[in-house]
Amino acid sequence: MSSKGAEQARIEPERYMNPYLAGVGLGLALLAAFVLVGRGLGASGAYTRLDAALVEVVAPEHAHSQSYWKRYTTRAKAPLDNFLVYQVLGMILGGMISGYAAGRARREIYKGPRISVRSRLLLAVGGGMMSGFGARLAGGCTSGHALTGGATLAVSGWVFMMCFFGAGFVGAALVRRQWR
Amino acid sequence: MMAPLFKTGVFGEVGFVLAALLVGVAFGFFLERGGLANARKLTAQFYLTDFTVLRVMFTAIVVAALGLMWLALLGVLDLGLVYISPARIWPVVVGGSLVGLGFSVGGYCPGTSVPALVTGKLDAGAYMGGLLLGILLYGEVFNGLASFAATGDASSPLTLDRWLGLSPALVVFFLVLIALLTFWGGSKLEARFGGEEADS
């Protein structure tokens, strides 16, 4: 009983914003990126640059000669001096402001009731690897291709979107136990 | 023609960094606000119990597409200076499918994992570790993939209006229709498969 009381005493997190309103906010952020700098939003590019910078620290010669990493390490600007890197730094702040203000910032692991923490974390790493590899092959992720490409009417953006959601449904059927 | 402001020289490098930070703050803020930093809510899309992902994404796309079109019509924005992806279709088909598979298996996509991790969701940290590993792997095997990754015309951007031979305004109009249909259908499906879960 006392634990139930303590549970209730905890501050209840706010409900999420109306999805259409959140979408308008996101759309205006995207439009602002086009108007201010002439490009859309992204995410996977920032991780790529972090990888390139790490490779450069660990194996500088490899980073400067290997065909993929040298695209990032042999330019006038350092790999981390990039639009997407600054934009992701901004996302850290924006995400924290929203999460803390709503009482949703707390240490937890999102998973369904029928799966262990260990399995969930392993699947998260595996899913991350697929997404990372795929995003580099596609030349962008949900932000760069689906959102940005979608808004600029890019054929590649809409092709990405259809494949992304199609494969998402297939993956969800395979790992139903993780979520439901 | 004034915009894009950075490309027309209205502001310089400092403004560029500030603009990136600013749009990033808004991006992270609205992802978290909308519930897109919650892996259960994100993946609920694929079990048809919660259409938040499609609602937020389609609304954002429609708002930005309409904004781009109107600003271009008003002569404020030079669309020729806005970066549009080239049509490298096959790498996008394979890569996009992998990102989608990773999304339902891992619970996030590269963007949404950022606000999730910084609000304490540890699974987002695991996903992010996987992302860095997957990209590292891609970089290391790139030599073997380079020719496939370059498939398609990378020289010029391809837009739906050019590809279909329609006016951009008509394409945007159809986009709005498709979005409205998706919202309507989503509400029907939610009602059937049980919505309003994972709401915090």
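Worth a mention:
- If the condition is being open to solvent by less than 40 Å² (accessible area, probe 1.4 Å), closer than 15 Å to A:Leu31 by Cα and more than 14 Å from the chain's Cα centre (by Cα), then the range B:67-97 contributes B:Gly67, B:Leu68, B:Met69, B:Ala72, B:Leu77, B:Val82.
- Only one entry in B:Phe46, B:Phe30 is under 16 Å from the mean Cα position of the chain (by Cα) and at pLDDT 95 or above, namely B:Phe30.
- Filtered residue count, the range B:121-159, keeping only those that are in contact with a Phe, Trp or Tyr (Cβ under 7 Å, 6 or more places away or on another chain) and farther than 18 Å from B:Trp90 by Cβ: 10
- Of residues in the range A:73-96 being aliphatic (A, V, I, L, M) and part of a helix (DSSP H, G or I), the one least open to solvent (accessible area, probe 1.4 Å): A:Met91
- The range B:99-117, residues that are in a helix (DSSP H, G or I) and either small (Gly, Ala, Ser) or surrounded by 24 or more Cβ atoms within 10 Å (Cβ to Cβ) (or both): B:Val99, B:Gly100, B:Leu101, B:Gly102, B:Phe103, B:Ser104, B:Val105, B:Gly106, B:Ser113, B:Val114, B:Pro115, B:Ala116
- From B:Gly144, B:Gly125, residue being open to solvent by less than 50 Å² (accessible area, probe 1.4 Å), more than 7 Å from chain A (Cβ to nearest Cβ), free of Cβ contacts under 8 Å to residues at least 24 places away in the same chain and of a type outside the set (Asp, Glu): B:Gly125
- The criterion of at least 3 residues that are of a type in the set (Val, Ile, Thr) and either open to solvent by 30 Å² or more (accessible area, probe 1.4 Å) or within 7 Å of chain B (Cβ to nearest Cβ) (or both) is met by the following helices (runs of 4 or more DSSP H) wholly inside the range A:101-180: A:155-174.
- B:Lys41 vs. criteria under 21 Å from A:Gly128 (Cα atoms), more than 7 Å from chain A (Cβ to nearest Cβ) and either over 14 Å from the mean Cα position of the chain (by Cα) or of a type in the set (S, T, N, Q) (or both): yes
- Tabulated pairs, the range B:18-36, first more than 7 Å from chain A (Cβ to nearest Cβ), second crowded, with 24+ Cβ neighbours inside 10 Å and of a type in the set (Val, Ile, Thr), C-beta under 6 angstrom, 6+ apart or interchain: B:Leu36/B:Thr112
- Residue that is nearest to the other protein chains (Cβ to nearest Cβ) [pool: residues in the range B:44-60 that are free of Cβ contacts under 8 Å to residues at least 60 places away in the same chain and polar (S, T, N, Q)]: B:Thr52
- Members of the range A:21-32 found to be without any contact (Cβ under 8 Å) to a residue 60 or more places away in the chain and buried (at least 24 other Cβ atoms within 10 Å of the Cβ), listed by number: A:Ala22, A:Gly23, A:Ala29
- Of all residues in the range A:13-24, those satisfying the criterion of being over 14 Å from A:Ala101 (Cβ atoms) and not hydrophobic (A, V, I, L, M, F, W, C) are A:Asn18, A:Pro19, A:Tyr20, A:Gly23.
- Criterion (open to solvent by 10 Å² or more (accessible area, probe 1.4 Å), within 23 Å of B:Ile135 (Cβ to Cβ), within 7 Å of another protein chain (Cβ to nearest Cβ) and part of a loop (DSSP other than H, G, I, E, B)) met by exactly one of A:Arg15, A:Arg39: A:Arg39
- Looking only at the range B:8-40, and only at residues there that are charged (D, E, K, R) and closer than 22 Å to A:Gly150 by Cα, the one that is surrounded by the most Cβ atoms within 10 Å (Cβ to Cβ): B:Glu32
- Only one of A:Glu61, A:Glu56 that is crowded, with 19+ Cβ neighbours inside 10 Å and more than 9 Å from every other protein chain (Cβ to nearest Cβ): A:Glu56
The values are calculated or read from the model by the stated rules, or taken from the named source; none is laboratory data. From a predicted model like this one, the values you see are computed outputs, not experimental measurements. Heads up, the Cβs are rebuilt from the backbone with ideal geometry, glycines too, and the neighbour counts pull from every protein chain shown. With ligands, DNA and RNA removed, areas are computed over all heavy atoms of the protein, side chains included. Shrake-Rupley method; radii C 1.70, N 1.55, O 1.52, S 1.80 Å.
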